[in-house]
Amino acid sequence: MDKLVLIDGHSILNRAFYGVPDLTNSEGLHTNAIYGFLNIMFKILEEEKADHVAVAFDLKEPTFRHKMYGAYKGTRKPMPQELHEQVPLMKEVLTAMGIPIMTLSGYEADDILGTVAKRSQAEGIEVSVVSGDRDLLQLADKHIKIRIPKTSRSGTEVKDYYPEDVIREYQVSPLEFIDVKALMGDASDNIPGVPSIGEKTATSLIVAYKSIENAYAHLEEIKPPRAQKALSEHYEMAQMSKELAAICIDCPVEFTYEDAKIETFYTPEAYQYMKRLEFKSILTRFDASAMGDDSTSRLEDHFVLVKDEKTAAGIFKKAAKASAVGVQLIIGRERKEAAEALEQLAFQFDENGGIRAGKKARAGLSPVTGLALCLGGEEIYCMAVGEGLGEAVLLNNLKALCTEKGGGSSPQEIWVLNLKEMLPYLELEDTASVYDEGVAGYLLNPLKDTYAYDDLARDYLGLTVPSRADLLGKADLGESLWVEEKEAVTCACYMGYIALKAAAPLKKQLQDTGMYRLYTEIEMPLIYSLFHMEQEGVKVEQKELKAYGDRLKVQIAELEQEIYRDTGKAFNINSPKQLGEILFQEMKLPGGKRTKTGYSTAADVLDKLAPDYPVVQKILDYRQLTKLNSTYAEGLAAFISADGRIHGTFNQTITATGRISSTEPNLQNIPIRMELGREIRKVFVPKEGCVFVDADYSQIELRILAHMSNDERLIEAYRSAQDIHAITASEVFHVPLDEVTPLQRRNAKAVNFGIVYGISAFGLSEDLSISRKEAVEYIEKYFETYPGVKSFLDALVSQGKEMGYVATLYGRRRPIPELKSASFMQRQFGERVAMNSPIQGTAADIMKIAMIAVDRELRRRNLKSRIVLQIHDELLIETAKDEIETVKELLIDKMKHAAELHVALEVEAQVGSSWFDAK
């Protein structure tokens, strides 16, 4: 028997929109509803093994029901803008896939689905109707199955209904379901129903009497009396409601069964839509025939594997004359056979004047297994290390390519994807004409998660290419190339090709957006400074770390027993469910908030209780200590290398504001509010013969706010070198400066820094434990004191709404799509981002400028001292004891003069025998 799937377009889009997390593509288009719809459709079609499919949509015009009964469905909430924008696009996608769309003037999608379903059943076709609307259960029949999907983060589940399933769940037949709805009414469909009759009573009446008409015929028997009276008085309304609730099954829709026949969804037109919407998983369904002019199969015809030194030398000779080259070094994981090969190759390095063997061995580098190099659309090479081509040959030629001029008078441009990963092998200076495309992509859109070659191909070339995961799964590219797997060669060649081809559009967009100078003068040199810092690492005193962990464990165990004693029982303190039950059910503490899984024990809930309930403060302390133990006392030990140092990773393409982030381990989130948290810094120590010099900016974000807002009073406060928090307290609380209390100063400090982060009255009231009214007054008085700040922040929000982004002093852009959200909460978040990003981003830019200057100067003077950590507004230098004064002077000078603002940048520097002492 032939199978037809009919889909309720708006209903499934709506289900998908609320079931799939918000997704947007590079254009800023919301795509979650379309993505969810397609996945539901594919799932249903694959399960049904259907031959035919069609989708019905409502039209935005009055139907016959409007005309008969007035404002039918007039009480439904308007569609969110994020969903509304996806409806026409969904129709375009379906049309591109060859799926017929059914609409009919004067009728709803339900009527079309009902008519086509019943008509098809009569012709001997098995029908499945897919909708999120229970109303369609009335269509269930012997050969008509109603399928109701439910989409969530964990996937899509579908409930199926034939007539017997409807009876089992709702106690009535599909046709009787109409009468139930007519009696109970439905506000969303503007079906009035009968007053005083709800779902339970309606169901019991129809179970007993089978229809509204028969119930009315037996009116005197109906119980309870309330229902009898209601039906008696509102029988005509019940009949009208039944007309409204009934789906029309004979509307004049034109539907040809053959039009709905499934040929192929994966057309060239559909492929272009999937590219635009950036549906990577769906794109894997398409084969090369759908890819049109930019077919990857055609491109792959030009991928060449090179395994001998003579051919490689010829390619490098040609590359030296090119104006631009795309390059990617392929590095494998360390392994025994690779290490042995590396040891042999290391001697070749010395003979060929390359990287020193000792330095390479000391760094414990993984082996280079190949090199991708692209000179143009038809010259795409993957050079694989093997018997005929040594690692040293590749690296020496690549180093020469990166440091020598090409055929012209100016250095050629070498474009790569992960420059920092390549630097350990190349000994490049930051003046080399080598450009990182991932960093360029990050500057142009800092909200994306990844900047891999396939992302750049999609965003800047309009080209969809298989990703590394598509080609290799979880396998390592370097190891796969070592054995010359075809997929590894293909992946490497794509890297080289995209590195070259995406260079021009990336460069143009950076220039068009005014960020090219930011890219070349800050972000590119920063790669080298971060690399130097990672190579240096920072020494950790392992015995001190263990002792710290032991101290934590003792305190954790003591706190645990105290909590058990205070609550009266032992339980799993780390279980939110158990903790919530203890605090809010058994101990009856106020402020319990019910969630789906129990009571909320989030920090904001417990923080409010802690001042009045000592046990809650102990729980918060317990959480802090256990986190310190797992993340730092135990966690840091896993990152200590054989040289006794932690060589962390510092990222410049993670945060939306431009701040540098730290991973493996994360050293930027050490909790410093607790004394015991600060003490973890004691385990970070300088090597023998050195001390730490630590310098950080004083109130840099407030100083930037003064400069960018040009507020005269705020600028004057800084120029007169007064206590900014005391001055603010004096102005806001209307007290003489010499009478400002410590509490007033603390509150003013919270307002000062809160303003920088776009704090709301609610947020300030929570931070200071004051009423919302008082918080509003504080903020209003602040803006009266510093009117320039208010004007500046308002202008930022306006710019964000108008331009879609805000920018730092150096032109770094932060897109803010949240400002256009239909959600009030999202728009408020967007406004806070608009106010804060230019300030925090400018601080990040200044720190980067300072860091580059310090790193360069230390090396220019041939000093032994080196930067080992960068944490937000702070630089930590491992300083030779005979260079302390030189480094301190150099550090302060470079940091203070990284930017010239209306108010001077202030830097505080300390010397210590550990990070704790220096800080």
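The values are calculated or read from the model by the stated rules, or taken from the named source; none is laboratory data. Here the structure is a predicted model, which means the values were calculated and not measured. Because the Cβ atoms are built from the backbone with ideal geometry, glycine has one as well, and the counts that use them run over all protein chains shown.
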Inset, instruction - Can you confirm whether region 96-115 contains a residue that is touching a residue at least 24 places away in the same chain (Cβ under 8 Å) and within 32 Å of the chain's Cα centre (by Cα)? - result: yes
Inset, instruction - Name the single residue, out of those in region 470-522 being of a type outside the set (Gly, Ala, Ser) and outside any helix (DSSP H, G or I), that is surrounded by the fewest Cβ atoms within 10 Å (Cβ to Cβ). - result: 474
Inset, instruction - Can you run down the residue pairs with Cβ atoms below 6 Å, 6 or more apart or on separate chains, where the first is in region 159-178 and in the same structural domain as residue 247 (by TED's automatic domain parsing) and at positive phi and the partner is buried (at least 16 other Cβ atoms within 10 Å of the Cβ) and of a type outside the set (D, E, K, R)? - result: 171/203
Legend entry - Output for region 616-639, where each listed residue is of a type in the set (A, V, I, L, M) and buried (at least 18 other Cβ atoms within 10 Å of the Cβ): 616, 619, 625, 628, 633, 636
Inset, instruction - Name the single residue, out of those in region 774-807 being out of contact with any Leu (no Cβ under 9 Å at 6 or more places or on another chain) and of a type in the set (Phe, Trp, Tyr), that is farthest from residue 750 (Cα to Cα). - result: 805
Inset, instruction - Could you tell me whether residue 582 is assigned to a loop (DSSP other than H, G, I, E, B), outside the structural domain of residue 440 (by TED's automatic domain parsing) and at pLDDT below 95? - result: no
Legend entry - Conditions (1) under 22 Å from residue 793 (Cβ atoms); (2) at pLDDT 90 or above: number failed by residue 732: (2)
Inset, instruction - Could you grab the pairs with beta carbons closer than 8 Å, sequence gap of 6+ or different chains, first residue in region 287-307 and within 21 Å of residue 268 (Cβ to Cβ), second one of a type in the set (Ser, Thr, Tyr) and at pLDDT below 60? - result: 288/295
Inset, instruction - Give 93, 55, 129 a once-over and let me know the one that is within 30 Å of residue 28 (Cβ to Cβ), in a strand (DSSP E or B) and at pLDDT 95 or above. - result: 55
Legend entry - Candidate set from region 563-574 (those that are assigned to a helix (DSSP H, G or I) and either in contact with a helix residue (DSSP H, G or I) (Cβ under 6 Å, 6 or more places away or on another chain) or in contact (Cβ under 8 Å) with a residue 60 or more places away in the chain (or both)); member that is surrounded by the fewest Cβ atoms within 10 Å (Cβ to Cβ): 566
Inset, instruction - Among the residues of region 861-876, count how many are more than 33 Å from the chain's Cα centre (by Cα) and not polar (S, T, N, Q). - result: 4
Legend entry - Residues within region 158-171 that are farther than 26 Å from residue 16 by Cα and not in a helix (DSSP H, G or I), tallied: 1
Inset, instruction - Hey, can you tell me all the residues within region 1-18 that are more than 11 Å from residue 37 (Cβ to Cβ) and either modelled with pLDDT of 95 or more or of a type in the set (A, V, I, L, M) (or both)? - result: 1, 4, 5, 6
Inset, instruction - Pull up region 773-823, narrow it to residues that are at pLDDT 95 or above and assigned to a loop (DSSP other than H, G, I, E, B), then point me to the one that is nearest to residue 85 (Cα to Cα). - result: 812
Inset, instruction - With respect to residue 464, determine if the residue is β-branched (Val, Ile, Thr), in contact with a Phe, Trp or Tyr (Cβ under 9 Å, 6 or more places away or on another chain), within 19 Å of residue 506 (Cα to Cα) and not in a strand (DSSP E or B). - result: yes
Inset, instruction - Filter region 630-649 down to residues that are of a type outside the set (A, V, I, L, M, F, W, C), in a helix (DSSP H, G or I) and within 21 Å of residue 870 (Cα to Cα), then give me how many there are. - result: 2
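Residue by residue, here is whether (1) of a type in the set (A, V, I, L, M); (2) at pLDDT below 90; (3) farther than 24 Å from residue 815 by Cα; (4) surrounded by 22 or more Cβ atoms within 10 Å (Cβ to Cβ) holds:
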site	(1), (2), (3), (4)
667	yes, yes, yes, yes
672	yes, yes, yes, no
694	no, no, yes, yes
709	no, no, no, yes
728	no, yes, yes, yes
Inset, instruction - Answer with yes or no whether residue 231 is under 48 Å from the mean Cα position of the chain (by Cα) and either outside the structural domain of residue 40 (by TED's automatic domain parsing) or buried (at least 16 other Cβ atoms within 10 Å of the Cβ) (or both). - result: no
Legend entry - Subset of region 848-867 [assigned to a helix (DSSP H, G or I), buried (at least 19 other Cβ atoms within 10 Å of the Cβ) and of a type outside the set (A, V, I, L, M, F, W, C)]: 848, 855
Legend entry - 3 or more residues touching a strand residue (DSSP E or B) at 6+ places or on another chain (Cβ under 9 Å): qualifying helices (runs of 4 or more DSSP H) within region 172-291: 174-184, 235-245
Legend entry - Search result, residues across region 116-137 that are in contact (Cβ under 8 Å) with a residue 40 or more places away in the chain and more than 13 Å from residue 160 (Cα to Cα): 116, 117, 118, 119, 120, 123, 124, 125, 126, 135
